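K.L.:
Structure in structure tokens, see below.
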Amino acid sequence: PRRLRKVHCVTAPDAPPRRPALLVVDDEPPVLRAVQRDLREHFGAEYRVVAADSGAAAEEVMRGLLRRGESVALVLADQRMPGMSGVDLLERARDLHPRAKRALLTAYADTDAAIAAINRAGIDYYLQKPWHPPEERLYPTLDDLLDDWQADAAYDDPLARIVGHRFS
């Protein structure tokens, strides 16, 4: 007779937590691969880099992460995409994952899009392509945004408790 082994569920209390997601959205495959590569090189140890090639695909990814109770730390979206602009996507990101940082990436010096993104989608930053070298034009900005996200996320930890006088 064959014996069955006990399999532990990945959602067990002692399971390691999933790394927060960095969602990158661009409809141009070479650009999407380049951004993914740069983000994985710099942030891969602490975050999962997730990619989508359209606004609709990104929205589905965000909904799936939300259903599984997983965190999104950053949504970095290209402005000019067919079907859904980056501003529209970042508005939806704000609704689905309100604590996620939002940044718009564009190759165009489109100040109207930047203003709309700031006003409508509440974006945190506006980046222009090309971002090379990433050590100067990409990583410092995203480091700051993710540091802010981590500081905000610490307040969401149900096990965290602030101890001390409220005016100290």
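K.L.:
Give the residues of region 42-67 that are free of Cβ contacts under 8 Å to residues at least 24 places away in the same chain, open to solvent by 30 Å² or more (accessible area, probe 1.4 Å) and farther than 19 Å from G86 by Cα, sorted by residue number.
P.N.:
Once the filter is applied, which keeps residues that are free of Cβ contacts under 8 Å to residues at least 24 places away in the same chain, open to solvent by 30 Å² or more (accessible area, probe 1.4 Å) and farther than 19 Å from G86 by Cα, region 42-67 yields A45, R67.
K.L.:
If I ask for residues that are surrounded by fewer than 18 Cβ atoms within 10 Å (Cβ to Cβ) and closer than 15 Å to R18 by Cα, which ones from region 68-84 would you list?
P.N.:
Residues satisfying the conditions are R68, G69, E70.
K.L.:
Within region 152-167, is there a residue that is among the charged types (D, E, K, R) and modelled with pLDDT of 70 or more?
P.N.:
yes
K.L.:
Being more than 22 Å from D124 (Cβ to Cβ), surrounded by fewer than 21 Cβ atoms within 10 Å (Cβ to Cβ) and at pLDDT below 95, is that true of even one residue in region 17-26?
P.N.:
Yes, region 17-26 has at least one match.
K.L.:
Can you tell me which residue within region 101-153, out of those that are of a type in the set (A, V, I, L, M) and in contact (Cβ under 8 Å) with a residue 60 or more places away in the chain, is surrounded by the fewest Cβ atoms within 10 Å (Cβ to Cβ)?
P.N.:
Once the filter is applied, the top-ranked residue is A153.
K.L.:
What is the number of the single condition among (1) more than 24 Å from L66 (Cα to Cα); (2) in a helix (DSSP H, G or I); (3) not small (G, A, S) that L146 does not meet?
P.N.:
(1)
The values are calculated or read from the model by the stated rules, or taken from the named source; none is laboratory data. Note that the structure is a prediction, hence the values are computed from the model and not measured. Methodologically, a virtual Cβ is constructed for each residue, glycine included, from the backbone with ideal geometry; neighbour enumeration extends over all protein chains shown. These accessible areas exclude ligands, DNA and RNA; they are computed on the full protein's heavy atoms, side chains included. Shrake-Rupley method; radii C 1.70, N 1.55, O 1.52, S 1.80 Å.
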